[in-house]
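Comments concern the structure below.
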Amino acid sequence: DCKMASNMDRGDMFSCKAGFIVEKASELGLSDDQVEKVKALKYSVKKNLIKKDADIETIAVDIKDALGKDEVDLNAVNSLIDKKYAAKADRTKGLVKACADLKNILTQDQQKKLKDLCSSCAMGKK
């Protein structure tokens, strides 16, 4: 639900924006090809986020396991921490790229119309 934006992570916000673009396709003047590209990007991002989040969660479990051992190998734990935050950075970079790709699907005029639609939605919620 886009109305709860403050509770959303970047992935949720991307999905919401892509969904909004598809929903408002006729108002934005999107071609069928543009709509299909937005939908394909949305689902590709969603699948990628599921994989990235699973990787991050798996590493977190490995860290917890390593810390629970009688003898804690700090080098191993530090390596896992580095791996976890590298995966988080990779996830965020992927979302930033997806946002840029989403923007590039739209023409400049469509981007302006989208901003106008979004600002009018925000005004209506206040």
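Quick look at the values:
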read-out	value
Residue among Ala60, Ala66, Ala54 that alone is small (Gly, Ala, Ser), at pLDDT 95 or above and either under 24 Å from Ser15 (Cα atoms) or not in a helix (DSSP H, G or I) (or both)	Ala54
Test: Cys99 is under 19 Å from the mean Cα position of the chain (by Cα) and open to solvent by 60 Å² or more (accessible area, probe 1.4 Å)	yes
Criterion: surrounded by 15 or more Cβ atoms within 10 Å (Cβ to Cβ), charged (D, E, K, R) and within 24 Å of Asp101 (Cα to Cα) - qualifying residue of Asp33, Asp12	Asp12
The lone exception for Asp116 - which of (1) closer than 18 Å to Ala25 by Cα; (2) modelled with pLDDT of 95 or more it fails	(2)
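Yes or no, residue by residue, for (1) surrounded by 12 or more Cβ atoms within 10 Å (Cβ to Cβ); (2) within 30 Å of Asp109 (Cβ to Cβ); (3) without any contact (Cβ under 8 Å) to a residue 60 or more places away in the chain:
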{"residue": "Leu41", "(1), (2), (3)": "yes, yes, no"}
{"residue": "Lys46", "(1), (2), (3)": "yes, yes, yes"}
{"residue": "Lys52", "(1), (2), (3)": "yes, no, yes"}
{"residue": "Ala66", "(1), (2), (3)": "yes, no, yes"}
{"residue": "Val72", "(1), (2), (3)": "no, no, yes"}
{"residue": "Ser79", "(1), (2), (3)": "yes, no, yes"}
{"residue": "Lys84", "(1), (2), (3)": "yes, no, yes"}
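The values are calculated or read from the model by the stated rules, or taken from the named source; none is laboratory data. On a predicted model such as this, the values are computed, not experimentally measured, just so you know. Note that we place each Cβ from the backbone using ideal geometry, even for glycine, and neighbour counts take in every protein chain shown. Note: accessible area is taken over every heavy atom of the protein model, side chains too, but ligands, DNA and RNA are not part of it. Shrake-Rupley method; radii C 1.70, N 1.55, O 1.52, S 1.80 Å.
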